[in-house]
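> Quick one: this structure, given as structure tokens, is what I'll be asking you about.
The values are calculated or read from the model by the stated rules, or taken from the named source; none is laboratory data. On a predicted model such as this, the values are computed, not experimentally measured, just so you know. Backbone-built Cβ (ideal geometry, glycine too); neighbour counts: all protein chains shown. Each accessible area value is taken on the protein alone, full model and side chains, heavy atoms only, with ligands, DNA and RNA left out. Shrake-Rupley method; radii C 1.70, N 1.55, O 1.52, S 1.80 Å.
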Amino acid sequence: MHPDIRKTFVTTETIYSDGGKTATTPLVMIAAAAVVKNPWAGEGFVEDLQPKIREMAPVLGELLTRLIVTEAGGGERVQAYGKSAVVGLNGELEHASALIHTLHFGNHYRSAVKGKTYLAFNNTRGPANTPILVPMMGTNDEGTREHYLTMQFNINDAPFSDEIVIALGAALGGRPHHRIGNRYLDLKELGHDQKNPASV
């Protein structure tokens, strides 16, 4: 365990009913977080963040992936994923971004769940007990809107002003009663290339 990790946190939410209608299959969402000392706290403006990124991001990626996969009961069960970071008030937004927006972090998770898409993301700054939102999308198809989900939680004593909360999220299914279609239907109706789900 990296000495700058103060604690980890795992939480699971299960939705059995939505909109007054019972779900055929309950939606299970999981978040795993690590509370770490901000490696750049107190150092003023640091030009080169790469040394600490390369030191800490792989450790955090491996640790949080293991926690998610264990809670999910296997990487193959994860249908949607995302990542998030909240830096304490004395840190920069760049510090939150640094430890999650790198392949040294995200590829551990992507490989474990055999994902093909990028991880949806969120990075913010705030005090202890700040709401932590982990946006998610499908692991293998960014156009399936039923997997557009957000796992929200908070940690009552984190982040301290000199800490960062790093989190991964997972969903084991889609929204219980998804009925807004998907990007491919929109693309067809608008006459766009269906092989380009972002329509760019």
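> For labels at residue 54 and residue 25 in the simple 7 Å Cα→Cβ model, what's the distance in nm?
Taking the simple label geometry, residue 54 and residue 25 are separated by 4.2 nm.
> Now for a separate question. What's the angle, to the nearest 10 degrees (0 to 90), between helix 103-112's Cα axis and the longest principal axis of the chain?
Helix 103-112 and the main axis of the chain meet at about 40 degrees.
> Can you compute the helix-only [θ] at 222 nm over the chain? Use -39500 (n - 2.57) per DSSP H run of at least 4 residues, normalise by all residues, nearest 500 deg cm²/dmol.
Estimated from H runs of four or more residues: -7500 deg cm²/dmol.
> Here is a follow-up. Given the options 105, 121, 45, state which has the largest fluctuation in a GNM of the chain using a 10 Å cut-off (strictly under) for Cα springs.
Judging by the Gaussian network model, the answer is 45.
> Computing the accessible area with a 1.4 Å probe over protein heavy atoms, can you report the carbon and sulfur percentage for region 87-200?
Looking at region 87-200 in its full context, I get 51 percent from C and S.
> So how exposed is residue 24, as accessible area in Å² (1.4 Å probe, rounded to 10)?
Counting only protein heavy atoms, the figure is 140 Å².
> Given (1) 0.98; (2) 1.01; (3) 1.07, which label gives Rg/Rh (Cα atoms, Kirkwood Rh) as computed from the coordinates?
Checked against the structure: label (2).
> Of the residues 120, 41, 158, which exhibits the maximal mean-square fluctuation in a Gaussian network model of the chain defined by a 10 Å Cα contact cut-off?
Taking springs between Cα atoms under 10 Å, the residue moving most is 41.
> Place a +1 charge on the Cβ of each Lys and Arg in the chain and a -1 charge on the Cβ of each Asp and Glu, then give the dipole magnitude about the Cα centre in debye, rounded to the nearest 20.
640 debye
> Related question: In degrees from 0 to 90, rounded to the nearest 10, what is the angle of the helix 50-72 Cα long axis to the longest principal axis of the chain?
Tilt relative to the chain: about 50 degrees.
> With θ taken as phi - 60° and the coefficients 6.51, -1.76 and 1.60, list the Karplus ³J(HN,Hα) couplings across region 83-99 in order, rounded to whole Hz; mark glycine and proline as x.
Each residue of region 83-99 in turn: 8, 7, 8, 10, 9, x, 5, 8, x, 8, 4, 4, 5, 5, 5, 4, 8 Hz.
> For the chain: lysine pairs with Cα atoms under 24 Å, gap of 8 or more or different chains, count?
11
> Then there's this: Consider a paramagnetic label point 7 Å from the Cα of residue 189 along Cα→Cβ; state which residues of region 122-160 have an amide N under 19 Å from it.
Once the point is set 7 Å along Cα→Cβ of residue 189, 143-148 turn out to lie under 19 Å by backbone N, inside region 122-160.
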